Amino acid sequence: MKATIFQRNLLTKDEQNSYDLVNGFNDANITLSEKVIKIITKDGNSYQYELTFSERDAFTETYLGKFSDGNKFRLIKPVGVALEMTKLKSSCKDAFTFGSVDPRGWAVHFYLF
C-alpha cells in the first residue's frame with residue numbers, strides 16, 4: 001500500500017534526524033504487520049524496522065521500534081471504530097502514526113491507500 005502524510009506535529013531538536021527520516025516516507029510503499037514495518041521510498045531507499053507490541057486500548061494499538069541510528073519510536077495504529085471512522089473520512093485502507101517516545105516529541109500521521 002502507498003503511504004500519504006496527512007498531518008505533521010512539532011518536534012524537539014534532539015529528534016530532528018528521526019523526524020527528517022520519517023518525513024521522507026511520504027508516498028513510500030509500506031508493508032505493515034504486528035512484527036515489522038517495511039518501507040521503500042519513492043527514491044528507492046529501503047528500510048525495515050522490527051516492532052514490539054506495547055499496548056492496546058479501545059481505539060489504538062501501540063508498537064515500539066528503533067531506527068538504525070538507535071533512536072526509538074512509537075508506531076500507533078487505529079483499531080475498531082477509530083479505524084472505521086478513518087476509512088470513512090479518507091477512503092484509505094489503513095492508517096498509522098510514527099512518533100517520538102517523548103510525549104513532547106514529534107509525530108507524523110499516514111494514511112495507507
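The values are calculated or read from the model by the stated rules, or taken from the named source; none is laboratory data. In this text, all values refer to a predicted model and were calculated from it rather than measured experimentally. So basically every Cβ, Gly included, is an ideal-geometry build from the backbone, and we count neighbours across all protein chains shown.
Where residues in segment 59-113 are of a type in the set (S, T, N, Q) and under 18 Å from S33 (Cβ atoms), which of them is nearest to the chain's Cα centre (by Cα)?
For segment 59-113, the residue satisfying everything is T97.
Just for segment 1-13: of the residues that are outside any loop (DSSP other than H, G, I, E, B) and under 14 Å from the mean Cα position of the chain (by Cα), which one is modelled with the highest pLDDT?
Per the stated criteria, the residue is A3.
Of all residues in segment 62-92, which are among the basic types (K, R) and surrounded by 14 or more Cβ atoms within 10 Å (Cβ to Cβ)?
Scanning segment 62-92 gives K66, R74, K77, K87.
Test Q16 against the stated conditions and say whether it is in contact with a His (Cβ under 9 Å, 6 or more places away or on another chain) and either farther than 23 Å from K87 by Cα or assigned to a strand (DSSP E or B) (or both).
no
Could you check how many residues of segment 69-89 are within 21 Å of G24 (Cα to Cα) and either touching a residue at least 24 places away in the same chain (Cβ under 8 Å) or among the aliphatic types (A, V, I, L, M) (or both)?
Total meeting the criteria: 8.
Filter segment 31-47 down to residues that are within 20 Å of S100 (Cα to Cα) and among the charged types (D, E, K, R) and give me whichever is modelled with the lowest pLDDT.
In this case the residue turns out to be E34.
List every residue pair whose Cβ atoms sit under 9 Å apart, with the two residues 6 or more apart in sequence or on different chains, where the first one lies in segment 48-68 and is at pLDDT below 95 and the second, anywhere, is of a type in the set (A, V, I, L, M, F, W, C) and surrounded by 11 or more Cβ atoms within 10 Å (Cβ to Cβ).
Matching pairs, first to second residue: S68/L21.
Can you tell me which residue among L32, L51, L21 is among the aliphatic types (A, V, I, L, M), touching a Gly at 6+ places or on another chain (Cβ under 7 Å) and surrounded by 12 or more Cβ atoms within 10 Å (Cβ to Cβ)?
Testing whether each residue is among the aliphatic types (A, V, I, L, M), touching a Gly at 6+ places or on another chain (Cβ under 7 Å) and surrounded by 12 or more Cβ atoms within 10 Å (Cβ to Cβ) leaves just L51.
Inside segment 42-92, can you point out the residues that are of a type in the set (K, R) and not in a loop (DSSP other than H, G, I, E, B)?
R56, K66, K72, R74, K77, K87, K89
If you take the residues of segment 93-113 that are without any contact (Cβ under 8 Å) to a residue 60 or more places away in the chain and outside any strand (DSSP E or B), which of them is surrounded by the fewest Cβ atoms within 10 Å (Cβ to Cβ)?
P103
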